[in-house]
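Here is the structure we will look at, set down as C-alpha cells.
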C-alpha cells in the first residue's frame, strides 16, 4: 500500500517525539508499505517566527511572512529524515520547491493547485521513506506560499489524492472524531466512521480535528482518510464517502464559541437589500454563517447574521464606512453567543430531529436565539455561557454515548 | 551603480542590528544605486540548528544537514525584507531556488556553477532592494546544498560577477585587511588596498577576513571587492587586480595555529613514493600544505607535511589502513605547531626578504621547523607558543606599521 501519514507540530516538538514518530513510520515501512510523511513545523516554531517578525514589522508583507514561516516545516522534515536514517532506514526530505507543490498566489491562505509526482515517485522507487513539508506551496511567481490554518492536513490529503494513495492517516492529539468535544461533554463517544459530509459540517461547526479544506479535498478525490492518535495505537475514525456502519440520525454535537452576532436594525425594506449586505461582506472575504431576516416594522426590516469573532471588527468597520449606502438605524453586536450544532446523515428525512433538539433545550430552560438548518445539520445560537449545558443536553437526548 | 552588499550573521543577529543594516542599505539605495543584499543566518542560528541535528543524529547525512541549515539564511532574508519595508522602502527576499543558484552536488561544501539572473533582474527593474540567501545553492537533483565556511562571501562575489556589479562590499566585524591580526600584533596597520593574489595568500594562511574561494572568484571575474566594517563608516580595504598604491615588499603577516605536522619516518626510498603518499591524500580530499622530504638514511627517507588540524585524525587513519602499501617504520605527529607567513607582491624578485625574515626569528631565538616559499609568500613552521612572538618580530622587522 501507499500510505500518506501526517503528523502535527506537537508530534515533532522535540528529539524524543521525533523518534517516536520515526519508529511508528518505520513499523509501517517494515510491513512493506510505501510511506510518505507530511509534517508541520515543530511545536512553537511557527509562533516564535511570528514573534520574530512582529519585533521587526507588525504589519509585515504576507509574502515575506510566508518566506519566513515556511522554514519551520523544512526544519522538521530534515530532522525527521535524520531520525529515520539514525534508526537504520532510508529517508529523504523534500520541500515545496522539490515536489512542485503548485499553489494559488494568495500568501498566507493559498490553495494547492497541483503537485508534481516525479521527484516523489523517484524517491519511492529508491525505497526511501519520503518526508514532505506540509503547510506550504510555491505559486506561479516561484514565491513561497503557506496554506493557512490546518494547511498540513490539506497538504497530506492533496498528496494522497495526487498519488492515488491507498490511505491518508492524519495523526493528531485526539484519537479520533467524537460525538462531541470530550472536554465539554463527558460521555462523548469516539466514532469508528463518519462520512465526508458529516465531517465537513463538524469541521465548519468548530470541531478542531480536521480542517475543512482537507475534508473537501478528500471528498472530491475520494481519499481514504483516517484520523488517529499519535500517542496511542487506537483505530481512530475513518472518514469516507458513506458511513455504512453508523448510519445514525445524529452523529455528533459541535460547539463554536468564537462567533459573534451582528444585527442591522431598521434597514429600508427594498428589493435586493439582503443581496447588497451579503455581497459587500463577500467582497471583503467575510464568511457569514447563520442569517436571520425579520419581517420588520413598517417599511423597514432587520437583518442579523453571525460571523467569526475575528471578523467582528472588520464587519463593523465595513458597515460604518458604507452607512450612507444602507441607511440602517442602528448596528448591534453580541460576542457572548455560541453556536451549538448537530450533524447527521439522515436528518433531512427525519423531521423529528429538530423537534427533539429544541425539546432538549427547552427542558434545560435554554433560549434559542437563531436557527439554521441544512440537509445534514441543525445549528442554533445560544448564550455563550449556556453552550456547554446545551451540548450535553442534546448529546444525552440523542443518546450519542451509545453505539446504535 | 549596481552594488552587492554582504552582511554576516553577527550583523543580523537581532532586530536592532537588522534595522541598522536596513538603514545602511537604504542610504545607498537613496543615492540611486541598485542594491543586492546577501545575508548569512542570524547570529547563532546555524550553531543551534547543528545542535538540534546532533540531538537526533550525530552522523546525520550531509544532504539533510544542508536542508536543515539553509533555513537559517531564508529566515534572515525574510526578516530583512520586512525591516526595509517597515522603513518605507521596497524590498523582496529570494532563496537559492528562486535565483537558481546552481551548484555542484557536494553537500556541505558545494561550489556555485551558475546563477540565473532572470528573477533578480525583474526585481531590480521593479526598483526593489533584492535580498538573497547566502551560503546556499541547489544542485542538479534540485537538492539544497551549502557552500561551506565563508560561503556567503562566495555567494556575494558570484552574484557580483554574474550580474556585472560595479562593486561587491563585504561587511564584517573588522574594518578591513590588516598587515597582521591586530589581536596578535598590536601595531598592525589597515591596508587601503591589496591585490587578489596577496589576499588569497593571506586568506589561505589563516587571515579570517575573506574566504579563499570568494577571492579566487573575484580574481577570476575581476570583481571590485571591498572589505569594510558593518559598525563604522571607515573606507575599508579594496581588493583588486593590482595594488598600485602600496606596492610593498611585504604586505602582511599571518598566523595559523590550526595545523598539525605529520611525519612518515623510514619510508622505503623508491621512485614515486612521494607521488603515492600525496595522491592518496588528494583522493581523500585532504589538503596538504608545507612538505619536507628528507634525504634519509640508507635506502629509506622521511616525508613530513602539514595539514589542517581537523584533518589530522583522518590522515592517521588513512595511513594506518595503508600501512602495508607504504612500509614506513613509524608515523609521528605534532599538533602544537603554528605556521607564520609573510605575503607580498614583489617577494620573488627581492631575495633579501627571506633572509630578513629568518634573521628576525633568529634574533628572537625562535627555531624554524619547516620552510615553504612561493612567488608571493614565505611560510615557516614554529612551535605554537612561539607563533605570536614570531609574528610581532617579523611585523617589526619589515616596519609594516608604517605606510611606505
Which numbered condition residue A:284 fails, given (1) crowded, with 16+ Cβ neighbours inside 10 Å; (2) touching a helix residue (DSSP H, G or I) at 6+ places or on another chain (Cβ under 6 Å) = (1)
For residue A:161, all conditions in the list (1) within 23 Å of residue A:214 (Cα to Cα); (2) in a helix (DSSP H, G or I); (3) touching a strand residue (DSSP E or B) at 6+ places or on another chain (Cβ under 7 Å); (4) more than 11 Å from every other protein chain (Cβ to nearest Cβ) hold save one; what is the number of the exception?
-> (3)
With the condition kept exactly as written, say whether any residue in the stretch A:339-360 is over 23 Å from residue A:250 (Cα atoms) and touching a residue at least 60 places away in the same chain (Cβ under 8 Å).
-> no
Residue ID - modelled with the lowest pLDDT, chosen from residues in the stretch B:249-279 that are in a loop (DSSP other than H, G, I, E, B) and surrounded by fewer than 22 Cβ atoms within 10 Å (Cβ to Cβ) = B:249
Candidate set: the stretch A:280-290, residues that are part of a helix (DSSP H, G or I) and within 24 Å of the chain's Cα centre (by Cα); chosen: the one modelled with the highest pLDDT | A:281
Just checking, how many residues over the stretch B:357-389 are under 25 Å from residue B:294 (Cα atoms) and outside any loop (DSSP other than H, G, I, E, B)?
-> 19
Which residues, taken from the stretch B:14-63, are in contact with a strand residue (DSSP E or B) (Cβ under 8 Å, 6 or more places away or on another chain) and within 10 Å of another protein chain (Cβ to nearest Cβ)?
-> B:63
If you take the residues of the stretch B:189-209 that are under 27 Å from residue B:43 (Cβ atoms) and at pLDDT 85 or above, which of them is surrounded by the most Cβ atoms within 10 Å (Cβ to Cβ)?
-> B:199
Under the condition of being outside any loop (DSSP other than H, G, I, E, B) and in contact with a helix residue (DSSP H, G or I) (Cβ under 6 Å, 6 or more places away or on another chain), which residue from the stretch A:142-152 is nearest to the other protein chains (Cβ to nearest Cβ)?
-> A:144
Report yes if residue A:319 is modelled with pLDDT of 90 or more, surrounded by 13 or more Cβ atoms within 10 Å (Cβ to Cβ) and within 20 Å of residue A:277 (Cα to Cα), otherwise no.
-> yes
Within the stretch B:36-55, work out how many residues are surrounded by 24 or more Cβ atoms within 10 Å (Cβ to Cβ) and either not assigned by TED's automatic domain parsing to the domain that holds residue B:152 or not in a loop (DSSP other than H, G, I, E, B) (or both).
-> 4
Give the residues of the stretch B:291-312 that are surrounded by fewer than 19 Cβ atoms within 10 Å (Cβ to Cβ) and not in a helix (DSSP H, G or I), sorted by residue number.
-> B:291, B:292, B:293, B:294, B:295, B:296, B:297, B:298, B:299, B:300, B:308
Applying the selection to the stretch B:373-400, what residues are farther than 22 Å from residue B:258 by Cβ, at pLDDT 85 or above and either under 24 Å from the mean Cα position of the chain (by Cα) or surrounded by 17 or more Cβ atoms within 10 Å (Cβ to Cβ) (or both)?
-> B:397, B:398, B:400
Verdict on residue A:333 being touching a helix residue (DSSP H, G or I) at 6+ places or on another chain (Cβ under 8 Å), more than 30 Å from residue A:192 (Cβ to Cβ) and part of a loop (DSSP other than H, G, I, E, B) = no
Filtering strands (runs of 3 or more DSSP E) wholly in the stretch B:64-141 for at least 2 residues that are within 9 Å of chain A (Cβ to nearest Cβ) and either in contact with a strand residue (DSSP E or B) (Cβ under 7 Å, 6 or more places away or on another chain) or at positive phi (or both) gives B:91-94
Is it true that residue B:139 is under 23 Å from the mean Cα position of the chain (by Cα), surrounded by fewer than 24 Cβ atoms within 10 Å (Cβ to Cβ) and closer than 20 Å to residue A:77 by Cα?
-> yes
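For (1) modelled with pLDDT of 95 or more; (2) more than 13 Å from residue A:136 (Cβ to Cβ), each residue gets a yes or a no:
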{"site": "A:24", "(1), (2)": "yes, yes"}
{"site": "A:29", "(1), (2)": "yes, yes"}
{"site": "A:34", "(1), (2)": "yes, yes"}
{"site": "A:39", "(1), (2)": "yes, no"}
{"site": "A:44", "(1), (2)": "no, yes"}
{"site": "A:59", "(1), (2)": "no, yes"}
{"site": "A:65", "(1), (2)": "yes, no"}
{"site": "A:70", "(1), (2)": "yes, no"}
{"site": "A:74", "(1), (2)": "yes, no"}
Among (1) surrounded by fewer than 20 Cβ atoms within 10 Å (Cβ to Cβ); (2) within 15 Å of the chain's Cα centre (by Cα) - the single one residue A:241 does not satisfy | (2)
How many residues are in a helix (DSSP H, G or I) and without any contact (Cβ under 8 Å) to a residue 60 or more places away in the chain if we restrict to the stretch B:188-220?
-> 9
Scanning the stretch B:107-121 residue by residue, the ones that are out of contact with any helix residue (DSSP H, G or I) (no Cβ under 9 Å at 6 or more places or on another chain) and closer than 15 Å to residue B:221 by Cα total 1
Do we find a residue being modelled with pLDDT of 95 or more and surrounded by fewer than 19 Cβ atoms within 10 Å (Cβ to Cβ) anywhere in the stretch B:2-12?
-> yes
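The values are calculated or read from the model by the stated rules, or taken from the named source; none is laboratory data. Just so it is clear, the model here is predicted, and its values are computed rather than measured. Because the Cβ atoms are built from the backbone with ideal geometry, glycine has one as well, and the counts that use them run over all protein chains shown.
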